[in-house]
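The values are calculated or read from the model by the stated rules, or taken from the named source; none is laboratory data. Here the structure is a predicted model, which means the values were calculated and not measured. When we count neighbours, we look across all protein chains shown, and the Cβ atoms used for this are built from the backbone with ideal geometry, even at glycine.
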Amino acid sequence: MELEQTRRLVTGIPGPRSRELVARRESAVPRGVGTTMPVFAVRAGGGIVEDADGNRLIDLGSGIAVTTVGASAPRVVEAVRAQAEAFTHTCFMVTPYEGYLAVAEQLNRLTPGTHAKKTVLFNSGAEAVENAVKIARAHTGRQAVVAFDHAYHGRTSLTMALTAKSLPYKHNFGPFAPEVYRAPLSYPFRDELDGPAATRHAIETIERQVGLPAAVIIEPIQGEGGFIVPAPGFLPALADWCREHDVVFIADEVQTGFARTGAMFASEHEGLVPDLVASAKGIAGGLPLSAVTGRAEIMDAAHPGGLGGTYGGNPIACAAALAAIETIETERLTDRAREIGKLLTERLLRLQDKDNRIGDVRGRGAMVAVELVRPGGEPDPELARTVATFAHQQGVIVLTCGTYGNVLRFLPPLTITDELLHDALDVLEEGFTV
């Protein structure tokens, strides 16, 4: 049954059924698993999530950039159904299947660059990042890896080491994997450096602290770090330095990939051609799948048996990924992402003109954020929490992020209507007055 694309509150947030489920959750699930909304979903589609009490919530989060093609997108649902009827699992490392090959071929086609590529499939973004590092180390024979300020790369031991933010991701969980170093990111709102100056600062830091690492890993637009878009020229110059010194350049496109930014991959905005691309989230319409795609000679550096995993490239997830890619291309969702970005940015800039607590509006396509500040530019995480909480109570799912917790981020499904976006932004604007 199609879900009506309007916001509707029939109870407070949370309603009685969700409160019952919250109580069950508290007794069954550890407190370390945080939740943004105190509601339990029962249906989702388009730009709406319906909770257990019948409230319809506007989705500005997409399950953290996962349901890019919409929750339960028709092609994805049909592909999953057909594959589940055929077989659910055999393990590609035991008896392989064509769906894995088809996904690899599509990623080899879609990722930036015309060079020969190969792809290996996993389950989560953290797995993809960790295996990209393994591949880079095998290729170069070196061990050091450079990540950047404000970075987020995952919750495994190695990816926590790559991640910059302590609470909640690293606090009390160390020691972390060694041979990880950190370089300064280009953060135009705060460092006020142009691309060349920011690049010089980063490269000088790498050369002074590390020498030549195995790899440099960076999000073309940072996700959890605050949707930071580096100054123009920063990423290509960094990639040029890597190429000159045989350092593997890894683009973490876990959050930015698959049409989210108005291009299939965010690297494309500056003509960036990474050596390796880590992808996940929006790859399979809501099913767990991730990938590392890269230059064939680098991808072949790992010895036979050195890459893989029991569930990596699960056949149902592969079927979903092929359907999600078909949906993106057939329905021109990269174009839709740019339209959404224009609508969001125009509305948020008008709000900024009226409220100087919005220090910055930034992002690309349907990956947009506002950074909230106090007078003088000091981060204001309390305001971010206040506005987000108000939005939640009014039936709008919005996420916060940023090293300082002062950024509101918007990641709507690309199937959301303009009417829902305007309704959500009206609620957000009201949240700044409470």
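The combined condition, being on the phi > 0 side of the Ramachandran plot, of a type outside the set (Asp, Glu), at pLDDT 95 or above and in contact with a Cys (Cβ under 8 Å, 6 or more places away or on another chain), is fulfilled by GLY226.
Results for (1) outside the structural domain of PRO188 (by TED's automatic domain parsing); (2) among the aliphatic types (A, V, I, L, M); (3) surrounded by 22 or more Cβ atoms within 10 Å (Cβ to Cβ), shown as yes or no for each residue.
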position	(1), (2), (3)
GLY223	no, no, yes
PRO236	no, no, no
TRP241	no, no, no
ALA263	no, yes, no
HIS269	no, no, no
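Would you call SER124 at positive phi and either of a type outside the set (Lys, Arg) or crowded, with 16+ Cβ neighbours inside 10 Å (or both)? Judged against the criteria, SER124 is not a match.
For the range 169-220, the candidate set comprises residues that are more than 30 Å from ALA138 (Cβ to Cβ) and touching a Gly at 6+ places or on another chain (Cβ under 7 Å); within that set, the residue that is surrounded by the most Cβ atoms within 10 Å (Cβ to Cβ) is GLY195. Which members of the range 295-344 meet the condition of being under 25 Å from ALA366 (Cβ atoms), polar (S, T, N, Q) and surrounded by fewer than 17 Cβ atoms within 10 Å (Cβ to Cβ)? The one that is under 25 Å from ALA366 (Cβ atoms), polar (S, T, N, Q) and surrounded by fewer than 17 Cβ atoms within 10 Å (Cβ to Cβ): THR330. When the range 396-405 is filtered for residues that are surrounded by fewer than 24 Cβ atoms within 10 Å (Cβ to Cβ) and either outside any strand (DSSP E or B) or in contact with a Cys (Cβ under 8 Å, 6 or more places away or on another chain) (or both), the ones remaining, listed by number, are GLY402, THR403, TYR404, GLY405. Answer with yes or no whether ALA147 is crowded, with 23+ Cβ neighbours inside 10 Å and touching a helix residue (DSSP H, G or I) at 6+ places or on another chain (Cβ under 9 Å). So ALA147 fits the description; yes. Considering only the range 333-345, I want to know if a residue exists there that is touching a residue at least 24 places away in the same chain (Cβ under 8 Å) and closer than 30 Å to PHE87 by Cβ. Within the range 333-345, one or more residues are touching a residue at least 24 places away in the same chain (Cβ under 8 Å) and closer than 30 Å to PHE87 by Cβ. Taking the criterion of being among the polar types (S, T, N, Q) and exposed (fewer than 15 other Cβ atoms within 10 Å of the Cβ), the residues of the range 2-37 that qualify are THR6, SER27, THR35, THR36.
Criterion first (in the same structural domain as ALA259 (by TED's automatic domain parsing), surrounded by fewer than 22 Cβ atoms within 10 Å (Cβ to Cβ) and part of a loop (DSSP other than H, G, I, E, B)) does THR88 satisfy it? Here the answer is yes, as THR88 does meet what is asked. Please return the ranges of strands (runs of 3 or more DSSP E) entirely within the range 35-81 where 1 or more residues are within 16 Å of the chain's Cα centre (by Cα) and on the phi > 0 side of the Ramachandran plot. In the range 35-81, there are no strands (runs of 3 or more DSSP E) which contain 1 or more residues that are within 16 Å of the chain's Cα centre (by Cα) and on the phi > 0 side of the Ramachandran plot.
Just one of the numbered conditions (1) buried (at least 18 other Cβ atoms within 10 Å of the Cβ); (2) free of Cβ contacts under 8 Å to residues at least 60 places away in the same chain is not true of PRO412: (2).
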